[in-house]
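For reference, the structure is listed below as structure tokens.
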Amino acid sequence: MFLRTRRYLPAALSRAAAHPRVSPAVPSPVSPPQHGPVAVENLGSGIDPRSGTIERVRGPTMARANLATLLPASIGGRHKVGMHPRWFSSTGLPPHMVNGMPALSPTMNQGNITKWRKQEGDKIEVGDVICEIETDKATLEFESLEEGYLAKILVPGGSKDVQVGQPIFVTVEDSDDIEKIPTDTFFRGEHDEDQLSGSAVQSVKVDVAEQSPVLRHISPAAKMLIKEHGLNASSLKASGPRGTLLKGDVLAALKSGTASSSAKEKTAPATPSPQPARDSQAQSLTTSQKSDTFEDMTNTQIRKVIAKRLLESKQTTPHLYLSKDVVLDPLLVFRNELKEQHGVKVSVNDIVIKAVALALRNVPEANAYWDNAKEEAEKCDSVDISIAVATEKGLMTPIIRNADEKTISAISSEVKQLAEKARSGKLAPNEFQGGSFSISNLGMYPVDHFCAIINPPQAGILAVGRGNKVVEPVMDSDGTEKAAVVTKMNLTLSADHRIFDGQVGAKFFTELALNFSDIRRLLL
């Protein structure tokens with residue numbers, strides 16, 4: 001799994017906001033095997049060490065860089081995940097590669113290891129899925145682009161909140177090299193390198209520097225156990241090289257009962273006050289009873305991002321709400337004709353998407369977004385409709401691009417494919433990033449009307465309620481008024497008031513209502 005010939009990477013493949021590192025590490029002759037970085041000089045864009053010319057400093061103990069770590073790709077819903085350039089070989093270890101948690105989206109700073117498809121010692125072929133990574137957008141399959149052997153898994157399956165850049169596994173070229181990497185070898189990650197260069201240490205909810213006056217190395221597995229059980233790292237006895245705290249040390253402390261909780265130490269009084277044993281027992285019983293009255297629900301990365309974005313939207317976007325009831329009967333008649341006369345099965349939502357897309361095309365002022373940098377509205381070049389799809393991990397919004405130019409049957413087919421991909425976590429980034437307008441339909445539930453929250457940077461979202469039969473006076477052909485039963489559906493527009501003023505909103509609803517009353521307009 002090593003790069004042999006390529007030396008130039010186009011700047012277009014760069015992922016921004018990474019900084020070049022030049023930090024060769026020279027371990028002492030008596031120190032245990034540790035992983036030192038390869039010196040990399042960036043002569044390209046000056047933004048990302050993966051763009052422009054890359055010069056590799058090679059020594060007898062340095063392995064070769066892997067092109068697979070630099071080129072992300074997505075093919076047919078299966079994602080070939082690009083990895084960070086890592087630190088490679090070191091004294092006493094065979095040629096190997098340390099692969100870190102990659103940043104798979106612009107907003108990702110941590111991810112979850114859902115499960116490992118390959119185990120230690122397994123041979124890795126081109127195209128094999130090594131593990132599944134849950135990001136703030138979707139669950140992606142980590143594919144191998146070259147052959148090799150999985151020598152060591154550094155982060156077990158099911159681990160959550162793994163920081164971007166933290167080493168997660170090690171690969172080697174030769175199967176004989178697997179046993180040459182000791183199980184207690186410590187591999188540094190990005191945060192450890194920043195620590196060595198004098199930067200601030202960013203821990204995973206366990207601030208070792210505050211807990212102990214002596215900075216200690218803690219293995220990733222030990223960190224996870226400390227975090228899970230809320231232990232005080234300074235009270236644990238380390239048995240690893242150079243005082244490294246290993247997973248076995250934490251397990252031994254838990255088994256013997258010598259591990260102390262950091263939360264208890266922080267809340268303990270400075271001087272013990274005399275309390276009767278009976279009162280403390282009653283207090284502990286009350287505390288345990290209270291703790292049994294609730295259950296913590298772990299959020300997925302997707303739900304965490306949704307919560308953050310929705311809060312930002314309500315706080316930073318001035319919402320304007322407009323509502324209107326439309327007659328649904330012409331749409332239902334048209335839908336039945338397509339099914340009976342042409343054998344085409346479409347849903348009400350498919351027709352709503354087409355009607356909204358045409359209304360946006362006829363009112364281009366509504367098909368826009370707010371540019372914060374310029375502080376002005378920018379019109380979108382195409383009508384791209386995002387549709388809300390509920391999944392087990394959270395709400396996803398796949399996009400029907402150029403919806404105004406597609407037929408209703410084409411929209412129906414694309415919606416089914418995208419919804420299936422969303423529920424299985426196989427959406428590619430280009431299938432859910434972007435969009436100019438959103439539709440959230442709860443018509444299949446007993447919901448008459450509701451107000452949706454705008455999905456920035458979009459300027460509008462249409463909330464669709466269910467159809468209800470109502471009795472209304474209608475004008476007969478002879479000019480007399482009579483009572484009739486009609487089916488009506490409520491539409492509520494949530495719009496960015498910086499783009500949608502009253503006039504734009506009224507024009508949009510006028511066009512939309514015409515599309516529902518005269519369904520033939522959708523065929524033009």
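The values are calculated or read from the model by the stated rules, or taken from the named source; none is laboratory data. Keep in mind that this is a model prediction, so the values were computed, not measured. Every residue, glycine as well, gets a Cβ built from its backbone with ideal geometry; the counts of neighbours run over all protein chains shown. Just so you know, the surface numbers come from the protein's heavy atoms only, side chains and all, with ligands and any DNA or RNA stripped out. Shrake-Rupley method; radii C 1.70, N 1.55, O 1.52, S 1.80 Å.
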Report, by residue number, each residue of the stretch 228-247 that is surrounded by fewer than 16 Cβ atoms within 10 Å (Cβ to Cβ) and under 33 Å from the mean Cα position of the chain (by Cα).
Glu228, His229, Gly230
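Which of the residues that make up the stretch 413-449 are in a loop (DSSP other than H, G, I, E, B), of a type in the set (Gly, Ala, Ser) and farther than 24 Å from Val344 by Cα?
Of the residues in the stretch 413-449, the ones in a loop (DSSP other than H, G, I, E, B) are 425-428, 432-436, 442-449.
Next, only the ones that are of a type in the set (Gly, Ala, Ser) stay: 425, 428, 434-436, 443.
Selection gives Gly425, Ala428, Gly434, Gly435, Ser436.
Answer yes or no as to whether Ala452 is outside any strand (DSSP E or B) and open to solvent by less than 20 Å² (accessible area, probe 1.4 Å).
Numbers: outside any strand (DSSP E or B): yes; open to solvent by less than 20 Å² (accessible area, probe 1.4 Å): yes.
It is true that Ala452 is outside any strand (DSSP E or B) and open to solvent by less than 20 Å² (accessible area, probe 1.4 Å).
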Considering the stretch 423-443, residues that are modelled with pLDDT of 90 or more and among the hydrophobic types (A, V, I, L, M, F, W, C), and then whichever is surrounded by the fewest Cβ atoms within 10 Å (Cβ to Cβ), we arrive at Leu442
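State which residue is nearest to Ala452 (Cα to Cα) when the search covers only the stretch 464-488 and only residues that are outside any loop (DSSP other than H, G, I, E, B), charged (D, E, K, R) and open to solvent by less than 70 Å² (accessible area, probe 1.4 Å). Reasoning before the result, please.
Taking the stretch 464-488 first, the residues outside any loop (DSSP other than H, G, I, E, B) are 464-475, 481-488.
Those left that are additionally charged (D, E, K, R): 466, 469, 472, 481-482, 488.
From what's left, open to solvent by less than 70 Å² (accessible area, probe 1.4 Å): 472, 488.
Working: Glu472: 28, Lys488: 19 Å.
Filtering the stretch 464-488 for residues that are outside any loop (DSSP other than H, G, I, E, B), charged (D, E, K, R) and open to solvent by less than 70 Å² (accessible area, probe 1.4 Å), the one nearest to Ala452 (Cα to Cα) comes out as Lys488.
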I'm trying to understand the selection: among the residues of the stretch 324-368, which are part of a strand (DSSP E or B) and within 33 Å of the chain's Cα centre (by Cα)?
Ala368
Among (1) within 24 Å of Ser424 (Cβ to Cβ); (2) modelled with pLDDT of 85 or more; (3) under 21 Å from the mean Cα position of the chain (by Cα) - the single one Lys137 does not satisfy
(2)
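Those residues that are among the basic types (Lys, Arg) and in contact with a helix residue (DSSP H, G or I) (Cβ under 8 Å, 6 or more places away or on another chain), I need them from the stretch 296-339; list them, please.
Within the stretch 296-339, the first condition is being among the basic types (Lys, Arg), and the residues that meet it are 303-304, 308-309, 314, 324, 335, 339.
Once the filter is applied, which keeps residues that are among the basic types (Lys, Arg) and in contact with a helix residue (DSSP H, G or I) (Cβ under 8 Å, 6 or more places away or on another chain), the stretch 296-339 yields Lys324, Arg335.
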State the number of residues belonging to the stretch 111-134 that are modelled with pLDDT of 85 or more and closer than 19 Å to Gln166 by Cβ.
12
Let me confirm something: among Val326, Val346, which residue is within 22 Å of Glu420 (Cβ to Cβ) and either surrounded by fewer than 16 Cβ atoms within 10 Å (Cβ to Cβ) or at pLDDT 90 or above (or both)?
Val346
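Can you work out which of the residues in the stretch 483-508 that are charged (D, E, K, R) and in contact with a strand residue (DSSP E or B) (Cβ under 7 Å, 6 or more places away or on another chain) is nearest to Gly443 (Cα to Cα)? Spell out how you get there, then give the answer.
The initial filter retains those residues of the stretch 483-508 that are charged (D, E, K, R), namely 488, 496, 498, 501, 507.
Now drop any that are not in contact with a strand residue (DSSP E or B) (Cβ under 7 Å, 6 or more places away or on another chain), which leaves 488, 496, 498.
On the way: Lys488: 11, Asp496: 24, Arg498: 29 Å.
Going through the qualifying residues, I end up with Lys488.
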